[in-house]
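Inspection log for the structure reproduced underneath, given as structure tokens.
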Amino acid sequence: MSHTASAASAVPAKAPPVAGLVAAVFTPFDETGEVEVGKIPPIVDFLSRQQVTGIYICGSTGEAPSLTVEERMLVAEAYVSAAKGKLSTMVQIGHTCLKDCRELGAHAASIGADAISSVAPYYFKPPDVETLVSFLSESAASAPGLPFYYYHIPALSGVAVDPVALLEQGRESLATLRGIKFTDEDLSVFNACQVAGGGVYDVLFGRDEMFLAGLAAGARGAVGSTFNIAPGLYRRISTAYEGGDLETARDWQQVAVAMIRGLLVNGGEAAIKYAMRRHGIDCGPRRLPAQQLNAGERAGVDRVLKGLGFEEWARV
């Protein structure tokens, strides 16, 4: 995929725009629910071999709200260390507590992450864009040398502040604002984000089930949870689209939709995490209060993936 337009001058010039497939990586747990960082290097090695270009650490897929600050730093350090020279790294530092955001941001900078990102505070929610920009500005200031990406995911955060207004206003007070991880279905807003501020921002698309639509809308980079389990599928979609073969791209996107729908009815995010076992990587269960898979759901995941021919297209 081609690179995005040049970033705003306030952003460090050494940081390239994010492009290609960025996997929103899992936090691996053992069967007792404890973080198991020893499983992280094999995850990174697998994604690197599969032509994934970067990883998004401690996001929704990584169950960040269910981790302590210390656990988040442990996970971030393990991923950044394992990914050096292989994948770009973006650490999600969002929290309901500003001091914790700043601690996580400073830590991300200290371990050599390539960028940071933050969801909006999701309990005491910012009432307007000015308040959200102020919160994010103080968070991002903890890592002044790193590009900052706002994580727009209103379905989970409950914060529906206009991301276009945030990008426009952020130019004044959020010096390292580089772009946005856009996880929403409204492509008109996605398009508006792409031209905000004169088109200087890097807008990453975050809906796997709409990946082709995102490409057609101009996405040059995407972040997804199912990029972990089926990077070959999304590479097939993007290759066909870039080659002008829209029919083939649509066919592969239909496979992605069928896969995602099958996973959702068999446990959702827990089913995606379980599916990593098909690549020989056991990421463990999800942590409460997230749903745990029962035997029937595990069998359902296996049945869905086998029926779709998972082994034929999941890998590059």
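The values are calculated or read from the model by the stated rules, or taken from the named source; none is laboratory data. As the structure is a computational prediction, the values presented were derived from the model and not from experiment. Virtual Cβ from ideal backbone geometry, glycine too; neighbours counted across all protein chains shown. Note: areas computed on protein heavy atoms with side chains; ligands, DNA, RNA excluded. Shrake-Rupley method; radii C 1.70, N 1.55, O 1.52, S 1.80 Å.
Determine the per residue accessible area of the chain with all protein chains present and a 1.4 angstrom probe, expressed in square angstrom.
On a per-residue basis, the chain sits at 40 Å².
How much accessible surface area, in Å² rounded to 10, belongs to the heavy atoms of residue 125 with a 1.4 Å probe?
Estimated to the nearest 10 Å², residue 125 gives 100 Å².
What are the residues whose amide H is under 5 Å from the amide H of residue 117, where those residues sit 5 or more places off or on another chain and H is modelled from the backbone?
HN-HN under 5 Å from residue 117: 91, 92, 93, 149.
Ordered by residue, what ³J(HN,Hα) values in Hz, to whole numbers, does the stretch 196-205 give under the Karplus form 6.51 cos²θ - 1.76 cosθ + 1.60, where θ = phi - 60° and Gly and Pro are x?
Karplus-based 3J(HN,Hα) across the stretch 196-205 equals 4, x, x, x, 8, 8, 9, 10, 9, 8 Hz.
What does the C-alpha gyration tensor say about the overall shape of the stretch 239-293? Classify as rounded when a/c is under 1.5, otherwise prolate if a/b is larger than b/c, or oblate.
Prolate, since a/c reaches 1.5 and a/b exceeds b/c.
Tell me which aspartates and glutamates have Cα within less than 15 Å of residue 39's Cα, excluding those fewer than 8 residues away on the same chain?
Excluding near neighbours in sequence, the set is 30, 31, 71, 77, 282.
When the helices in the chain are scored as -39500 (n - 2.57) per DSSP H run of 4 or longer and the sum is shared across all residues, what 222 nm value do you end up with, to the nearest 500 deg cm²/dmol?
Mean residue ellipticity, 222 nm, calculated: -12500 deg cm²/dmol.
Normalised by the residues of the stretch 222-261, what does the relative contact order come to in percent, with Cα pairs under 8 Å and at least six apart?
Contact order relative to length: 35 percent.
Express the relative contact order of the stretch 82-182 as a whole percentage, based on alpha carbon pairs under 8 Å and six or more residues apart in sequence.
With pairs under 8 Å counted, the relative contact order is 28 percent.
Taking +1 at the Cβ of each Lys and Arg and -1 at the Cβ of each Asp and Glu, which of 150, 170, 215 sits farthest along the dipole of the stretch 103-226 towards its positive end, judged by Cα position relative to the Cα centre?
Value computed over the given set: 215.
Please figure out what share of the DSSP beta bridges in the chain is antiparallel and state it in percent, rounded to the nearest 5.
5 percent
Quote the charge dipole size of the chain about the Cα centre in Debye, to the nearest 20; the model charges only the Cβ of Lys and Arg (+1) and of Asp and Glu (-1).
580 debye
Take the alpha carbon gyration tensor of the stretch 82-219, find the square roots of its eigenvalues, order them as a ≥ b ≥ c, and report rounded if a/c is under 1.5; if not, report prolate when a/b exceeds b/c, else oblate.
In terms of gyration-tensor shape, oblate.
Top to bottom by accessible area (1.4 Å), largest first, where do 27, 248 land?
Result of the area sort, largest leading: 248, 27.
Compute the relative contact order of the chain as a whole-number percentage, counting only Cα pairs closer than 8 Å that sit 6 or more residues apart in sequence.
In percent, rounded to a whole number, it is 19.
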